[in-house]
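Before any comments, here is the structure.
None of the figures in this text is laboratory data; all of them are computed from the coordinates on show. The model shown is predicted, which means the values in this text are computed figures rather than measured ones. Cβ coordinates were reconstructed from backbone atoms using ideal geometry, including for glycine residues, and neighbour counts include every protein chain displayed.
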Amino acid sequence: MTRLLKSKAAPKMENAPAPRRSSKRERTRQEIYRSAMRLFAESDYDKVTIEEICAAAGVAKATFFLHFPGKSALIAVFNEEVTRSLAERLAGYEGSAEEELLILVSVLREAWELNAPVMHKMLSDFLDQPALVSKAAVVNESVLDLVTHIVERGQKRGEFTTGCPPEMAAIALVAAWSAFTAWWLQNPESDTDEINRGLLEFQLNGLRKKT
């Protein structure tokens, strides 16, 4: 299992290739996100204003707020970028569902750590706003969808117990990872790889089908 965790390093998200553009609204949303991430990388998250993001993206301030309630809400698109790339990588993967979850956790961790200076401040800003925290499920929606599909496949293959609906299992897994991410915010020097693996192993003990 350790071999799977040493996956190819995830690219810094401000340089990631643009996803397939399905609508003008999505193109605008992506342009705002990419412009913001470039500014965060060049300057400091706390110093970058929404006005500067709008100028870089070529949109009005009102347009920004049509897509995001604030700077920290951009964290949702960050998760979407990572999970979209990961879903493409896992397409046709022939390993077990457990291995897929291990890869997912590893890639998410790598992406967050590669963007650590920005993500620390963005997450801290997000957690300091109760109105946004109450919408945390939306932030993790793309991750939840991917985990749900992985768990569902594992159940169909007989790898995981069917005693828990895949959606509920995914919520439990993602909630634990979200709690870990908040902990990482306070303990940035910790061995996140080892702790992440231990946390996932603990969770998988409840998912594995007993023989």
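Numbers for the structure displayed
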read-out	value
Estimated vicinal HN-Hα couplings, Hz - the stretch 86-97 in sequence order (Karplus 6.51, -1.76, 1.60; Gly, Pro = x)	5, 4, 5, 5, 8, 4, x, 5, 9, x, 6, 5
Label-to-label distance, nm, for residues given as Glu141 and Trp183 (7 Å Cα→Cβ offset)	2.9
Cα-projected label distance for Gln129 with His149, points at 7 Å along beta-carbon direction, nm	2.9
Other-chain or far-sequence residues with amide H under 5 Å of Phe68's (modelled H)	none
Inter-label distance for Ala87 and Met168, nm, one decimal - labels placed 7 Å from Cα along Cα-to-Cβ	2.5
Backbone HN-Hα couplings from phi across the stretch 46-58 [Karplus 6.51/-1.76/1.60, Hz, Gly and Pro as x]	5, 8, 6, 9, 5, 4, 5, 5, 5, 5, 5, 8, x
Cut-off 13 Å between beta-carbons: net charge of the residues surrounding Lys61, Lys and Arg +1, Asp and Glu -1	-1
Sequence-distant residues sharing a close amide H with Phe160 (under 5 Å, placed H)	Gln155, Lys209
Length released on extending from Thr49 to Glu201, taking residue separation times 0.36 nm less the Cα-Cα span	50.6 nm
